[in-house]
Structure formats: C-alpha cells, structure tokens
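Here is the structure we will look at, set down as structure tokens.
Values in this text are rule-based calculations from the coordinates and carry no lab data. Values in this document were obtained by computation on a predicted structure and should not be read as measured data. Using ideal geometry, Cβ is built from the backbone for each residue, glycine included, and neighbour counts are taken over all protein chains shown.
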C-alpha cells in the first residue's frame, strides 16, 4: 500500500511530509499519539527526570506551533526542532538502553516527518524489549507505508496479541488487509476465505471495543464491499442499523445511498429505488444518479 497507494486509501496511517508542512503534520500526529499510549514511567532517577524535561520541552514546542504556526520564522522553527533532536541524541548516547527514550524519540521523529529515522528508533526499542504493543504497531505502520505488506502484518498481529483491548490495532489491521487485498491473495499469503474472515473480524473487534464510535461502525459496513464472497444480507443489516441511528438529515441520506447500493447488489431493485427517492441533497445528487443508472441497466 503503500507508498503512493496509501495516500488515497489508507488515511489512518500517519503519512507525513517534511518540515516544510510541519504545522499540519504536528496536528495530525498529536491527535493520533493521544490514542496510543507508550509505557508509563515515573521520573524518579536523574535519567528519567532528564528525559521528562526533554518531553516537556518537546510538547511545549509542538503546542506552540499548533496554536500559532507563524509564531517563529522558518529558520527559528527549524532551530528549535533541531534542538529537540540533539537533546534526544545526547540522552541516548548516555542511556543507550532506555526503551522509553527510543519510543518517545521515534514518535517525535514521525511528528516532524522523519519516518525512516523514526523507524530506526522503534527497531531499537523492539530490540531491547520485544513485548511492547505500540512499538510493534509503529513498525507495522512504517512497513505498510513503504509497501512491505508481507512484513507489516506480523507486527500488527503481535500488537494485537500484546494488547488485545486497544481498538486502533484491530482497526489498522483491517485497513492493512483491505488496502492490500489483491496483493495478499495474489502472493498466496492468505486465502480468499481467510481474508474475508480476518478483515471482518478486525473491524468487528474494533467496533466491539468502541461501541459508541459511529465512524467504526460505518467502516465495518463498508468492509463488506471488499469481500471475495459477498454477504449482502449482513451488509444490509449494518446499513439499516446505521440508518436507524443517523445523526442528521445528510447522514441519513448517505446511509440510504449505501443501503440502496447493497439492495441493488441483491437485485432488490424496487427497494433500492425507494431508498434513492429519499436522497435529495444536492451534494449527493451525482451519486444518486449513478446508482439510478446502474439500477436501470440491471432492469434492462
């Protein structure tokens, strides 16, 4: 997926540009990092206190740049970012086996668009402690972004095994499978039947872990479009449930469009047309007309 493919289809993974687009990068990564806890520690030793100060300085800078992207000139901004890098480098020279430092440094490097160097840090953390879920996930992210889907999957599976109650790991496994469906099956890394089962299981587990997350429920319903063996009855059940819990007129119409598409696949053409008759938003008119055209072709 990934290098270019992910840009269009795998937005849950963190794809970053370099410092020239830092402001948007920082916002995206900060939001993502809030859901992915690193191993906690108390700053009791001098080394831990030193690392805590680096993290505090890093967070303060990121907050400044997020709140006011133009606070510093480009040169001053880059100087401050480089200063954090030097603090981490110096710290790791003195504490080469501090796993927390490698994780924190890796996350910071991703925030400023240095994914390759960040992955080196996560690999160093994994070498020293192979049982940290977020490290497995970060390495899996990098491999997926680089198009190495074969190696990426074991890392996500390991993350899930280490922390089965973390929603994001299940979700990202589902996205990995969905985005590399053709490659996994072509390379005989997974059978079509196993693909269907594992992808649905990943998204289903994500929903079960965050049952109030409507976006996850929508993603699960969308996953049925990617199955090798269609399960349209199940898909329709999901979309109808989403119709019944819609949060706005526009949201309801979007759910009608999806339900109509599934009904069309089931050859329930009259019911599909009935759903489409309830779609009136100008923003959805193109989609509505396209579905009506497909239905008309099926009728003829």
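Quick look at the numbers
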quantity: Residue-averaged [θ]222 nm for the chain, counting only DSSP H segments that reach four residues, each worth -39500 (n - 2.57); calculated: -22500 deg cm²/dmol
quantity: For region 56-142, the fraction of alpha-carbon pairs in successive 5 Å shells from zero, as %; calculated: 3, 14, 24, 22, 17, 12, 6, 2, 0
quantity: Part-to-part distance (alpha-carbon centres) for region 145-162 and region 74-111, which is given in Å; calculated: 25 Å
quantity: Distance from region 184-218 to region 165-182 (C-alpha centre basis), Å; calculated: 7 Å
quantity: Packing rank of 70-79, 134-143, where each peptide gets the mean count of other beta carbons within 10 Å, highest leading; calculated: 134-143, 70-79
quantity: Cα-based radius of gyration of region 149-210 once divided by 2.2 N^0.38 Å, which approximates compact folds; calculated: 1.05
quantity: Per principal axis, descending, Cα span of region 120-184 in whole Å; calculated: 35, 26, 13
quantity: Gyration tensor verdict on region 198-297 (Cα atoms; rounded if a/c is under 1.5, prolate if a/b is larger than b/c, oblate otherwise); calculated: oblate
quantity: Hull-based mean projected area of the chain, where the convex hull spans the alpha carbons, in square nanometres; calculated: 18.2 nm²
quantity: Kirkwood estimate for region 89-209, i.e. one over the average of 1/r between Cα atoms, Å; calculated: 15.0 Å
